[in-house]
Amino acid sequence: MTSAKTPYQILGEDGIRVLTSTFYDVMDTLPEAKALRAMHTKDLSPMKEKLAEYLTGWMGGPPLYAYRYGTVCMTSPREPYHIGPEERDQWLLCMDKALVEIEAGEELTQMLKEPLFRIADAIRNREGPSARASNPDILASH
Ligand code: HEM
């Protein structure tokens, strides 16, 4: 009997780090992701690390994010932000482009497509169109 590989087995921990680093670099430069980028702090390095840890567990590897932060609740860090369908789609677009850039291949891309949509849609906290570009840190300092 053959058993299908998990995305973690295909990419490995290093591959997941390359993916998340590429993902945030895409977010940093893609004009279509401007509103999404504006929600994040200037330095994206901590986010590269956090997303890599999160995705390692989510893709079937060791739950590094839960080990470090003791929780995998994905909604509370984003409570202050307006995340509607447009922001969700910007996130997914950055991930699509990152997968192309790292040459993830058709099989892995297809494997991730539906689950990534589901998790991004679960994070959505608004129905409506969009979205003030807002970062509460910036707002708090004014
Ligand atoms: C749906 C669209 C999404 C938007 C607009 C969004 C936006 C954000 C923002 C603004 C933060 C906080 C950044 C900060 O503290 O500076 C964040 C944190 C995070 N996001 Fe997302 N995100 C989205 C989807 C996702 C998805 C689908 C995943 C995982 C597959 C993910 C994983 C994470 C992780 C692991 C963190 C770090 C949480 C922490 O502070 O410990 N995000 N996100």
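Just so you know, all these numbers are worked out from the coordinates, no wet-lab data involved. All values reported here derive from a predicted model rather than from experimental measurement. Note that we place each Cβ from the backbone using ideal geometry, even for glycine, and neighbour counts take in every protein chain shown.
A few notes on this one:
- When shorter helices are ignored and each DSSP H run of at least 4 residues is given -39500 (n - 2.57), the per-residue value for the chain at 222 nm works out to -20000 deg cm²/dmol.
- Charge tally for residue 70 (other residues, Cβ to Cβ under 15 Å; Lys, Arg +1; Asp, Glu -1): +1.
- Only lysine pairs 8 or more places apart or on separate chains count here, and in the chain those with Cα atoms under 18 Å apart total 7.
- The chain: relative contact order as a whole-number percent, Cα under 8 Å and 6+ apart: 33 percent
- Net charge in the neighbourhood of residue 85 (other residues with Cβ under 10 Å of its Cβ; Lys, Arg +1, Asp, Glu -1) is -2.
- Length added when fully stretched, residue 68-residue 118, from 0.36 nm per residue minus Cα-Cα: 15.6 nm
- Inter-probe distance in nm under a simple model that places probes 7 Å from Cα toward Cβ, at residue 47 and residue 29: 1.6 nm
- Binning the alpha carbon pair distances of segment 1-63 at 10 angstrom intervals from zero yields the distribution 22, 43, 26, 7, 2, expressed in whole percent.
- Total charge dipole magnitude, segment 8-128, about the Cα centre, Cβ charges on Lys, Arg, Asp, Glu only, Debye to nearest 20: 440 debye
- The residues neighbouring residue 112, those whose beta-carbon lies less than 12 Å from its own, together hold a net charge of -2 under the Lys/Arg +1, Asp/Glu -1 convention.
- Rule-of-thumb Rg ratio for the chain [Cα; 2.2 N^0.38 Å; N residues]: 1.06
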